[in-house]
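Structure, as C-alpha cells:
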Amino acid sequence: MQSSSQPPLLPEHAPDSGLTFEVAPPRFDAGAGVARFEYRLGMLAFEEVLRFPAGFDTARATQPAFARLLELTAFILGTSYFKLLAPFTIAAPALSLTAAEEALVLDIYENGLGEFYARNNLHRFGDLTIRTGRRELVITQKCELENRALLLVGGGKDSLVSVQLFERAGRAYTPFAVNPKGPIVTSVEAIHQQPLFVSRVLDEEMIHLGGEPGYYNGHVPSTAMNSMIAALSAILFDYDTIVLSNERSASEGNVIFDGREINHQHSKSYGFEKAISAVFAEATGGGLRYFSVLRPFSEARIAQLFARETRFDHSFSSCNRNFRLAGHKGDLWCGACPKCLFTYLILAPHMGKQRLASVFPRDLLDNLDNENGYRELTGLAGQKPWECVGEIREAAAVLDQLRSMSEWRDTAVVKKLGPDLDVQYGPGGLKPDWDALFTDSKDHLVPPDLGEILFADA
C-alpha cells in the first residue's frame, strides 16, 4: 500500500474558518414525482432535483420509511456540494438521525470521500462534526413490499453477469439506473426488460464552481448515492430487494493517507454494504433487502461467468475516460485507461484473441504503450490506480497465467512483464493466487434461499 502526498490546503479553507455545510429538509411532490434537496455552504445556496417516472402509488410516499430514507438521501447527495470547500461541520438542525444513520453519514463523509481528501491533501478523518437531532430507535412496522428485485445496471460486465444469474435462475428483476446513457442504455436494450430510470439534476452552479480557482473538486461516492435513490424507488414502486454487482475485490484500498486506508471503491466495499443494508432494514422494519449478488466472486470469476454468453459483447463498457469525454457517444472503449487495460486482461483467459478483437479497438496486451499501465495494475510500479479495478495480486496472477497460454504468451506485455512478476512474487508464487480466484467467498449478504437458486448454475 502506497502513501499519498499532495499540495497543501488552500489557506482560505484552513480548519479555523468556521464554515458550515447545511442540509435542509428535503421536499417530495408525490403528484409530480419530484424530490428537491437544498444545501448551503457559507453564502452559497444549491438545489438538486430527482425526477421519478410516473406509475407509482402516491400513498407510498406517505410511509414513515420513505420519509426517513428521503432525509438520509439528502445527506448522501450532499457530498457533491460539501466537497467544494470541505468544511469540518455538517449541520442539519431540522433533521434527525438514528445512531446507525449518523454512523453511515459520517462514514460516507470521511471514507466515501477518502480519495477526494487524499488527492487534495485534506485531513478530515476524525475531525468532522455532524450536528443534527437524534432520532430514538423504535421498533418500526415492517414496510410491506412485493417480492421482486431492482437490479442496478452500470453498463459494465459485472451487472450483466448479475442479469445472467437472475435469468438462468428464472427470477424476476427490473433493470435500474440513474441518468442512463451510453453503455447503460445499450446494456438495457440488450437485456430486453422494461427498466426503471430516475433523473438526477445537479445544481449547475456547483458544477461551475468545481472548475473554478479556490474550490475543490474530486471523486464522490456515486454507488452510495445511487443506492439511496434505488431505495426511494423501491418503496415508491413496490420492490423488496435492491441488487448490486460489487465483487469482493472492491474492498481493497489504494493508498494510506491521514492514518487510514483510502479506497476509491469504498461505497462498493463489503463493509459499506453491511452498514447501508442494516440502515435500510432498520428504516423499513426489515422490509427492504440490499446486497451484492457478486460479492462471493473475484473479478476473474466474474469474467469467466461473463464469457459464457456473447449477447452483451458489443453493449457493455467499463471505460470511464470515454464516458467523461464524450458521454459514450463514440467508441465504448478508449483502449488506454486503467479500466480498459484491466477489463481486457481479466477477460483474456476466457474469451480469446479473436473474440476480444471484436470488442476492443486493438490488442491491449500486444502494445508496449500499455506497459506502465499494466505495471501499476499488477503491483510492479506505482500504486493501484484510482479506478474500479481488481486486486493487485489478482491482476498479477491473471497476467502470470497468460504466460502458460499459447495464444497469449508471446504478446508484448506478457513477455515483457513475465520475468518481473517472478522477481516480485517469486517463480510460481502467483499460482496459489490464481487458484484462489475461482474459490468463492462465503462473506456476502445474499439471502441463503436466493443464493441457493442464483448460484446453482454459476
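Any read-out appearing in this document is the output of simple, stated calculations on the displayed coordinates, not a laboratory observation. On a predicted model such as this, the values are computed, not experimentally measured, just so you know. Cβ: placed from backbone, ideal geometry, glycine included. Neighbour counts: every protein chain shown.
Things to note:
- Note that the stretch 338-350 has calculated 3J(HN,Hα) couplings of x, 6, 4, 4, 5, 4, 4, 4, 6, 8, 3, x, 10 Hz, one per residue in order, obtained from phi through the Karplus relation 6.51 cos²θ - 1.76 cosθ + 1.60 (θ = phi - 60°); glycine and proline are x.
- Distance-filtered residues of the stretch 385-414 - backbone nitrogen under 19 Å, label point 7 angstrom along Ala436 Cα→Cβ: 389-402
- Here's the picture: charge each Lys and Arg Cβ at +1 and each Asp and Glu Cβ at -1 in the stretch 299-436, and of Ala436, Gly379, Trp333 the one pushed furthest to the positive end of that dipole is Trp333.
- Between Arg289 and Thr241, Ile242, the built amide H atoms are under 5 Å apart, and every one of these is 5 or more places off in sequence or on another chain.
- Backbone N within the stretch 393-413 under 17 Å of label point (7 Å from Gln354 Cα along the Cβ vector): 406-408
- Calculated FRET efficiency for the pair Ser404/Ala99, C-beta based, R₀ 60 Å, to 0.05: 0.70
- The share of alpha-carbon pairs in the stretch 299-436 lying farther apart than 17 Å comes to 57%.
- Cα centroid separation, the stretch 379-458 to the stretch 107-160 (Å): 29 Å
- Across Lys268/Lys431; Lys268/Lys339; Lys353/Lys415; Lys181/Lys339, pairs whose alpha-carbon gap is larger than 20 Å: Lys268/Lys431
- For the pair Gln141 and Glu371 in one chain, pulling the backbone fully straight at 0.36 nm per residue adds 77.1 nm over the alpha carbon distance.
- Low-density loop positions, GluC sites (Glu not before Pro), the stretch 132-199 - DSSP coil, at most 13 other Cβ in 10 Å: Glu136, Glu144, Glu146
- Charge tally around Ala92: other residues with Cβ under 10 Å, Lys/Arg +1 each, Asp/Glu -1 each, net -1.
- Across the stretch 416-426, coupling constants 3J(HN,Hα) worked out from phi with the 6.51/-1.76/1.60 Karplus curve, θ = phi - 60°, read 6, 8, x, x, 5, 5, 5, 5, 6, 10, x Hz, and Gly and Pro carry x.
- Dipole magnitude of the chain about its Cα centre (Cβ charges: Lys, Arg +1; Asp, Glu -1), debye to nearest 20: 520 debye
- Unit Cα scatterers, Debye sum, the chain: log10 I(q)/I(0) for q = 0.09, 0.10 Å⁻¹: -0.60, -0.75
- Footprinting exposure proxy ranking of Cys337, Cys319, fewest other C-beta atoms within 10 angstrom first, gives Cys337, Cys319.
- Order of Phe82, Phe56 under a 10 Å beta carbon neighbour criterion, fewest first: Phe56, Phe82
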